[in-house]
Amino acid sequence: MKRIIASSVILTAALCAWAQQDFSKVQIKSTHVAGNVHMFEGSGGNIGVSSGPDGLLIVDDQFAPLAEKIDAALQKLEASGPLKFVLNTHWHGDHTGGNAFFGRKASIIAHANVRKRLAGKSDAPKEALPVITQDEGLSVHFNGEEIRMIPLGPGHTDGDSVIHFTKSGVVHMGDQFFNGRFPFIDLGSGGSVEGYMKNVGDVLQKLPDDVKIIPGHGPLATKKDLKAFHDMLVETTGIVRKAIGEGKSLEQVKAAGFPEKYKEWGTGFINNNRYLEIVYNNLKGK
Ligand SMILES: [Zn+2]
């Protein structure tokens, strides 16, 4: 348990350092995904946007200092209009930092545990909190399609949802998908390595082959990319589980490392050793 707390403190510190970056140079890049849906990339989690005759709906809103830039990028879309809804995939600050800004003009919807965790932060203004919460899912009927918010069991955190734009054929995975990178699994927020893997597998099974996928982090993806991510999770956790079964220490597992083909996966926010520690500590604790 001590180990879990220690690694969670390190990660929180890393997230804070990330949040203290210079946002003045960040630009919001807008990409049309399919149908009504666009993806915005700036700094932090990718944003999904529905724009059309009913106005705007966004999935996640990155860091607070970027809110006005995100707002300006929204107004530049061909089919713009008022922002009506903000959907949060989970509570992390790189996905909900803009809530206080956007919550003044739109209704925020999230898993009940997102509200709980955001409300527990000492500096959380009322506007930043979701006003509609769910733990069994809900649908928003908007811009001519059903936008389904599907809650997941404990994985990345204990309050993740994926968002399915059913007619546009797009899914926003939140941080249940780091495209081409090792994921952060937040054990301190009720996350679970096995749950994370199960969630990805469950979603993967339900998706049609031609779906376009917005990952929490990394470039726009296909089902093939999500399958590669799942394969990586299965293989790497299998390696760690086997080593634990053989009585190997964390240091020994680190020294052995993961297969060479995963070298590139550790070049993002979560490097090889950090990912390995999360998996080892969580599996060892069971
Ligand atoms: Zn996250």
With a ≥ b ≥ c from the Cα gyration tensor eigenvalues, square-rooted, and the rule rounded for a/c under 1.5, otherwise prolate when a/b > b/c and oblate otherwise, the stretch 139-188 is oblate
quick note, the chain, DSSP beta bridge pairs, % antiparallel (nearest 5) is 65 percent
Highest GNM mean-square fluctuation among Val86, Val140, Val33, for the chain with Cα springs under 10 Å, belongs to Val140
Output ordering of 189-197, 222-230, 24-32 (per-residue mean of other Cβ within 10 Å, highest first) is 189-197, 222-230, 24-32
Rounded to the nearest 10 Å², the accessible area of Lys263 using a 1.4 Å probe with every protein chain kept is 140 Å²
Gyration tensor on Cα atoms of the stretch 172-250, a ≥ b ≥ c root eigenvalues, a/c under 1.5 rounded, else prolate if a/b beats b/c, else oblate, says prolate
For Arg181, the accessible surface traced by a 1.4 Å probe with all protein chains present amounts, in square angstrom to the nearest 10, to 80 Å²
Any helix of the chain counts here only if DSSP assigns it H throughout, its Cα atoms span 15 Å or more along the axis, and its mean Kyte-Doolittle hydropathy is at least 0.0, and such helices are 2-19
Shape call for the stretch 21-144, from the Cα gyration tensor axes a ≥ b ≥ c (a/c under 1.5 means rounded, otherwise prolate when a/b beats b/c, else oblate), comes out oblate
Out of Asn143, Asn88, Asn199, a Gaussian network model of the chain with alpha-carbon springs under 10 Å gives the largest mean-square fluctuation to Asn143
Which of Lys198/Lys242; Lys25/Lys224; Lys126/Lys198; Lys167/Lys224 exceed 28 Å between C-alpha atoms? The answer is Lys25/Lys224; Lys126/Lys198
Looking only at aspartates and glutamates whose Cα falls under 19 Å of Lys254's and that sit 8 or more positions away or on another chain, we get Glu235, Glu246, Glu264, Glu277
Given all pairs of distinct Cα atoms, the chain yields a Kirkwood Rh in Å of 19.1 Å
Treating only Lys and Arg (+1) and Asp and Glu (-1) as charged, each at its beta carbon, one finds that the stretch 77-187 has a dipole about its Cα centre, in Debye to the nearest 20, of 300 debye
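The values are calculated or read from the model by the stated rules, or taken from the named source; none is laboratory data. This one's a predicted model, so the numbers in the text were calculated from it and none came from an experiment. Every residue, glycine among them, receives a Cβ derived from its backbone with ideal geometry; neighbour counts consider all protein chains shown. Ligands, DNA and RNA are stripped out before the accessible areas are found, and what is left, the full protein with its side chains, is counted by its heavy atoms. Shrake-Rupley method; radii C 1.70, N 1.55, O 1.52, S 1.80 Å.
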